[in-house]
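Any read-out appearing in this document is the output of simple, stated calculations on the displayed coordinates, not a laboratory observation. Since the structure is predicted, the reported quantities are computational estimates derived from the model, not experimental observations. Backbone-built Cβ (ideal geometry, glycine too); neighbour counts: all protein chains shown.
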Amino acid sequence: MTEPSTSAATDRTRLAESAYGSDRDLAARQSLYQWQTPRHDLPGIVVEQLGGVRGSGRVVDVGCGNGKYVQRLREDRPDVSSLGLDISPGILATVPGPVAVADVTRLPLATGSVDAVLAMHMLYHVPDIPQAVRELARVVARDGVVIASTNGELDKAELDGLWHRAARDVLGTGQEPSRFSIGGRFSLEKAPGFLGAEFGRVRTIELPSTVTVREPEPVVAYLASYRAWADQYDTPFDATIERARAIVTDRIAREGMFEVTCRAGILVCRR
């Protein structure tokens, strides 16, 4: 298997109840960036891009997850009204209100009613990406801004290589199953095409970096955070995670570190 099934990658029940039923797995992935160089403060960068939103303006974070962007916005721009939306009631329990359960393809917002919309690392979870983009364009004011984020197609290639090796060792064959990845549906390379269908100006801000860890646990926790999709792998999930732990532990013992190349970015969209 080289790609997960689209239905598994975008199934609302799996996303709301398992993958993001709490912030445990999302937080595990976020924590990897503690060891990032250069350190990109994504919430801070997004707030900077919202400089044109006037006081008392409205900003909606669609697919807000555990609320990192909403919280930063409320700290840095208390003059702006913010709302967090997500399909998972469980993960919203960790986010200070106002928040609401909502689907990006059917937003409970009036046309042109908000000044800015965020869609951060979430559009690859949507079954119908063009419809989601149409909804983002519908609810934002004519002079408003939509900010999306995603990863490049070569993002964290070292983790793919690690998974390949661990899976091969576990299976004892030449087969090399891929690590579960859904970012290719809305990658940094493909995103401008989707967004450009509704917005005349789409500006990409690339944020390359390297994560360097000197103990195995951050990498192991990142890989294990995809447990909600364990049935999508054609290798035993737990055994492969443990083999990956042994490989990383050995690499760090020999070289003093394990490096992961990150290729993330944000897209700033205007009409």
Q.
Please report the spacing between the Cα centers of the stretch 23-83 and the stretch 217-238 in Å, no decimals.
A. 27
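Using only alpha carbon pairs under 8 Å that are at least six residues apart, calculate the relative contact order of the stretch 131-271 and give it in whole percent.
Details: 211 pairs, mean separation 61.8, N = 141.
Value for the stretch 131-271: 44 percent.
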(Q) Once you order the gyration tensor axes a ≥ b ≥ c over the Cα atoms, which shape class does the stretch 1-76 get: rounded for a/c under 1.5, otherwise prolate or oblate by comparing a/b with b/c? (A) prolate
(Q) Suppose the chain between Thr13 and Glu189 were pulled fully straight at 0.36 nm per residue; how much longer would it get relative to their current alpha carbon spacing? (A) 60.5 nm
Q.
Output needed: percent of Cα pairs per 10 Å distance bin for the stretch 57-125, bins running from 0 to the one holding the longest distance.
A. 21, 59, 20, 0
(Q) Between Leu154 and Ala230, what is the label-point separation in nm under the 7 Å Cα-to-beta-carbon projection? (A) 3.4
Q) Spin-label point model (7 Å from Cα, Cβ direction): what's the Glu48 to Leu171 distance in nm? A) 4.4
**Q.** Under-5 Å amide H pairs with Ala264, H placed in peptide plane, nonlocal only
**A.** Gly152, Leu207, Ser209
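Remind me, what semi-axes does the chain give for its equivalent ellipsoid, largest first in whole Å, using sqrt of 5 times each Cα gyration tensor eigenvalue?
Values: eigenvalues 225, 75, 58 Å².
Taking √(5λ) for each eigenvalue gives 34, 19, 17 Å, largest first.
Compute the signed sum of charges (Lys and Arg +1, Asp and Glu -1) over the other residues within less than 13 Å, Cβ to Cβ, of Ala191.
Working: positive: Arg185, Lys190, Arg203, Arg263; negative: Glu153, Asp155, Glu189, Glu198, Glu206.
Here the charged neighbours net out to -1.
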Q: Taking amide H positions as placed in the peptide plane 1.01 Å from N, state which residues far from His121 in sequence (5 or more) or on other chains have amide H under 5 Å from it.
A: Ser149, Thr150
Q | Rel. contact order, % - alpha carbon contacts under 8 angstrom, at least six apart, the chain | A | 24
Q.
Quick check on packing: order 235-245, 117-127, 47-57 by the mean number of other C-beta atoms within 10 Å, highest mean leading.
A. 117-127, 235-245, 47-57
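Could you give the Stokes-Einstein D for the stretch 128-271 in µm² per second, using the C-alpha Kirkwood radius, 37 °C, 0.692 mPa s?
Values: Rh = 17.1 Å.
Roughly 192 µm²/s, to the nearest whole number.
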